[in-house]
Amino acid sequence: MEVNPNSQQSNGSSVAPNALGNVQRPGEYLRQIRIAQKRELNDAAKDLNMQVKTLTALEQDDYKALPEATFIKGYYRIYAKYLKVDATAIIQRFDEIYQNDTGLLPNHALNNSPIKIMGKLPGSNRDRNKKWLKRIVIALVVLLAVIAAVMTMQNMSSNQDASQEIAPAKSDVEVLNLDHSTAVSGDQLELEFGRPTSVHIVDSTGKVLATGRQASTVKLNGETPFQIRLDDASAVTLTLNNEKIALSPYTVNGKADFRLSR
């Protein structure tokens, strides 16, 4: 037979009273109901998904071993419902004896909680997960926007480069031909361009025959030797008096600067 250390009266009977007596405590009352219904403490704890030590403290009215009053009231209501008894008188009796046992008000968790003074409790895991999910979504949106902007800029740059390559390159080269008599008696220099590049050509008399950026074929006449400078030698095909001239011997770092004579 179980013995309740809180019981102030004991008549040796396992029959539960119909309601709390004048001096009977809530936990003691529920314990007697459980015994009368022939329920084991361990089985009740398992059915209620509650730890045995918590249920024991509840039956012994050991409030110092239990959480705040709000939770204790909740335990009483759950336990009373499990035992199929009315919880109203139980909660009323608890409010009467809780302050005497602990020195705290039965509603201290709501009115005098230090947590409320300090601020709001942190959000639940679900709330935190929602916040992190929201942050991740925002970060992804920003990242996608940055990627889209970069790709747009790259496409615009590619289109500009393509249009520059496709569009006929305008020549700003200044070609200075000698007069007809000199042209017939001089040497003929011809340059064909695979892509635009800058040229500078002077003949032996010091006459500047061509200078500037060029993209189309140029035919020049002058007296050898010619002083020739090409910013991109690989883009130029050069002939002197219809004889092709190899530029590789004169090319350094892509540029050619040399004298050419027949």
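The values are calculated or read from the model by the stated rules, or taken from the named source; none is laboratory data. Everything numeric here is computed off the predicted structure, so don't read it as measured data. Don't worry about glycine lacking a Cβ; one is built from the backbone with ideal geometry, like all the others, and counts go over all protein chains shown. Heavy atoms of the whole protein, side chains included, go into the accessibility calculation; ligands, DNA and RNA do not. Shrake-Rupley method; radii C 1.70, N 1.55, O 1.52, S 1.80 Å.
In this structure the range 201-262 gives 54 Å² per residue of accessible area when probed at 1.4 Å with all protein chains present. Note on residue 246 and residue 84: the model spin-label points, each 7 Å out from Cα along the C-beta direction, lie 11.2 nm apart. Within the accessible area of the range 213-262, the carbon and sulfur atoms contribute 41%, probe 1.4 Å, all protein chains present. Spin-label model, residue 101/residue 231: points 7 Å from Cα along the beta carbon direction are separated by 9.5 nm.
Using the Karplus relation 6.51 cos²θ - 1.76 cosθ + 1.60 with θ = phi - 60°, the per-residue 3J(HN,Hα) values for the range 76-81 come to 4, 5, 5, 5, 5, 5 Hz, with x marking Gly and Pro.
Per residue, the convex hull spanned by the Cα atoms of the range 181-262 amounts to 81 cubic angstrom.
With r as the distance between the Cβ atoms of residue 142 and residue 52 and R0 = 45 Å, compute the FRET efficiency 1/(1 + (r/R0)^6) and round to 0.05.
0.30
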